[in-house]
Amino acid sequence: MAPPHKETWIEAALERGLFGSRWLLAPFYVGLVVSLAMLLVVFVREVVTAVPEVFELDAEKMILSVLTLIDLSLAGNLVLIVIFSGYENFVSKIDTGDSEDRPSWMGTLDFSGLKMRLIGSMVAISAISLLRSFVGLTEPGTTLDERKLFWLVALHVTFLFSGVMFALMDWLAGLTEERRIAELQELHHTTLVEGATEIPP
């Protein structure tokens, strides 16, 4: 049996430095908090602009205003998911104590789950943007920008395809992991049986 590896002080210092380098990501998440505040400013501006005209807007313009607010709220949700999950997965656990307001998915969303939530949010945002563009075509005097609509549809289809591919890859990875666990359990069981048969009577 090989003797246990003795860690040198250089190796220990290097590993502590590498492990501590995760805090370099913290400013990124602080910047995302600032971007969340920027989205809030734009959201409030849209509300303040739309409220005085609520009795003058027709149905199509009101729908456009509501879709814009939904789009901004979805973008805010996306930023918040990245902040919480990214910080907990790559930097440090967030200690909220026994707070009842802690989201149920915090601490349980791994990188694969974060990836699926991100692509799901992007598909939703793309769908809202596409719907807003189609509703905008009903306004009088609006010209059809075929090139813009083409790229909006192409981007939405790309997001959908990416989501399906991500889900397929996660499913295949899950099957591989389950197969590996089953093989390890079978090997362990075989080892126990062989060890029991080798015991003299």
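Are any of the residues in region 56-68 at pLDDT 85 or above, closer than 24 Å to Ala124 by Cα, more than 18 Å from the chain's Cα centre (by Cα) and acidic (Asp, Glu)? No, region 56-68 contains no residue that is at pLDDT 85 or above, closer than 24 Å to Ala124 by Cα, more than 18 Å from the chain's Cα centre (by Cα) and acidic (Asp, Glu). Within the span defined as region 181-196, every residue fails to be modelled with pLDDT under 70, closer than 19 Å to Ser112 by Cα and in a helix (DSSP H, G or I). With a requirement of 1 or more residues that are in contact with a Pro (Cβ under 9 Å, 6 or more places away or on another chain) and of a type outside the set (D, E, K, R), the helices (runs of 4 or more DSSP H) lying completely within region 24-136 that satisfy it span 59-90. Among residues that are without any contact (Cβ under 8 Å) to a residue 24 or more places away in the chain, among the acidic types (Asp, Glu) and in a helix (DSSP H, G or I), Glu11 is included. For region 47-59, indicate whether the set of residues that are surrounded by 10 or more Cβ atoms within 10 Å (Cβ to Cβ), in contact (Cβ under 8 Å) with a residue 24 or more places away in the chain and in contact with a helix residue (DSSP H, G or I) (Cβ under 7 Å, 6 or more places away or on another chain) is non-empty. There is no residue in region 47-59 that is surrounded by 10 or more Cβ atoms within 10 Å (Cβ to Cβ), in contact (Cβ under 8 Å) with a residue 24 or more places away in the chain and in contact with a helix residue (DSSP H, G or I) (Cβ under 7 Å, 6 or more places away or on another chain). Within the set Leu144, Leu160, Leu109, Leu149, the sole residue that is farther than 23 Å from Phe43 by Cβ, surrounded by 11 or more Cβ atoms within 10 Å (Cβ to Cβ) and modelled with pLDDT under 75 turns out to be Leu109. Note on region 72-87: residues that are under 13 Å from Val47 (Cα atoms) and not hydrophobic (A, V, I, L, M, F, W, C) amount to 1.
The values are calculated or read from the model by the stated rules, or taken from the named source; none is laboratory data. The shown structure was predicted, so the numbers you read here are calculated from the model rather than taken from an experiment. A quick note on method: Cβ atoms are made from the backbone with ideal geometry, for glycine too, and the neighbour counts reach across all protein chains shown.
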